[in-house]
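**Student:** Can you read through this structure? Questions will come right after.
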Amino acid sequence: MVGRGLKIAVCGKGGVGKTLVAGTLARLLARRGFKVLAIDLDSNPNLYITLGARPESVPRPVSDDESLVEERTGARPGGWGAIFSLNPRVDDIPDRLSIPCPDGVRLLVVGMPRAGAGCMCPQNALVRALVDHAVLERGEAIVVDMEAGLEHFGRATARGVDLLLVVVEPTRKSLEHAKRSYEYARELGIRRVWVVLNKVTSDGEAAELSAVARGAGMEVAVAIPFDVDVVRAEKLGVSIVDYNSSSPFVKSVERLCDAIVENLT
Ligand SMILES: Nc1ncnc2c1ncn2[C@@H]1O[C@H](COP(=O)(O)OP(=O)(O)OP(=O)(O)O)[C@@H](O)[C@H]1O
Ligand SMILES: [Mg+2]
């Protein structure tokens, strides 16, 4: 099944559960028959663990491959004042550099240039062109695991997605972060922005957080409970889907999947 209209990015403050949500969602969409390309857009890439890929099969991030950056943009990373292409050829990269994961998901480790590299550097030009290509031109479902923080909004990566999931944990800081993400996403023209509440410890807490998020104009898609099986799976370095596919975490992401399939396909 193709995933036209299923271009999803996952963002949020550091440590809220972005990678777990993105990776689990990718696996569950694949189990429902979608062809899925998962993109790791974090400079500390670890989406492969949640996807259940073997560490030795994971290549280095595209944005760290200086030869590829130079070959495609015409400039070596780090060269000041270099003239480089803002529109490099990238259409062959997803098929050539992605790796297979369980359930048929493919993983492309893109990475993210360090903050100091500036948003207009050759690596960023390549990263943005690659994500734009994946989101706008490829037929399969795309799930992008973003770097923590707000800088990626400034770099306009993933600007063309159909849905931005903002993962929120039950803290004031995380909610404040979500509100700013929501505003930036709107400025970038992303039409659908859903909050995913994570690590929720009671129904009362879920209701309280939902009320705050809705009060700020945000739509809440699902409340995922704090789940000890997630902690156990993370300790072992295995995917929660492989550790216990009927755990509360996976069941909640199933509900998120239902909402996505219902509203976006
Ligand atoms: N629902 C949950 N129940 C229990 N623990 C959770 C849950 N969600 C996330 N965690 C814990 O939070 C940690 C961070 O999760 P994850 O790596 O997905 O976050 P992240 O937002 O991608 O982090 P980073 O900003 O570093 O990329 C996990 O190691 C796990 O222990
Ligand atoms: Mg992460």
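**Student:** Can you tell me how many residues in region 1-43 are acidic (Asp, Glu) and under 23 Å from Tyr182 (Cβ atoms)?
**Tutor:** 1
**Student:** Whether any residue in region 31-39 is within 16 Å of ligand 1 (Cβ to nearest atom) and at pLDDT 95 or above is what I want to check.
**Tutor:** yes
**Student:** Considering every residue within region 94-112, establish whether at least one is surrounded by fewer than 18 Cβ atoms within 10 Å (Cβ to Cβ), on the phi > 0 side of the Ramachandran plot, of a type in the set (Gly, Ala, Ser) and not in a helix (DSSP H, G or I).
**Tutor:** There is no residue in region 94-112 that is surrounded by fewer than 18 Cβ atoms within 10 Å (Cβ to Cβ), on the phi > 0 side of the Ramachandran plot, of a type in the set (Gly, Ala, Ser) and not in a helix (DSSP H, G or I).
**Student:** Please go through region 1-45 and give me each residue that is closer than 14 Å to Val144 by Cβ, in a loop (DSSP other than H, G, I, E, B) and among the charged types (D, E, K, R), ordered by number.
**Tutor:** Within region 1-45, Asp42 is the sole residue that qualifies.
**Student:** Report, by residue number, each residue of region 37-81 that is of a type in the set (Gly, Ala, Ser) and in contact with a helix residue (DSSP H, G or I) (Cβ under 7 Å, 6 or more places away or on another chain).
**Tutor:** Ala38, Gly52, Ser63, Ala75
**Student:** Shifting gears a bit: For region 146-165, check the following and say yes or no: at least one residue is assigned to a helix (DSSP H, G or I), at pLDDT 90 or above and either in contact with a Ser or Thr (Cβ under 6 Å, 6 or more places away or on another chain) or not acidic (Asp, Glu) (or both).
**Tutor:** No.
**Student:** Kindly indicate whether Asn124 is among the polar types (S, T, N, Q), within 23 Å of Ala148 (Cα to Cα), assigned to a loop (DSSP other than H, G, I, E, B) and modelled with pLDDT under 95.
**Tutor:** The answer is no for Asn124.
The values are calculated or read from the model by the stated rules, or taken from the named source; none is laboratory data. For clarity, every value in this text was computed on a predicted model and none was experimentally measured. Every residue, glycine among them, receives a Cβ derived from its backbone with ideal geometry; neighbour counts consider all protein chains shown.
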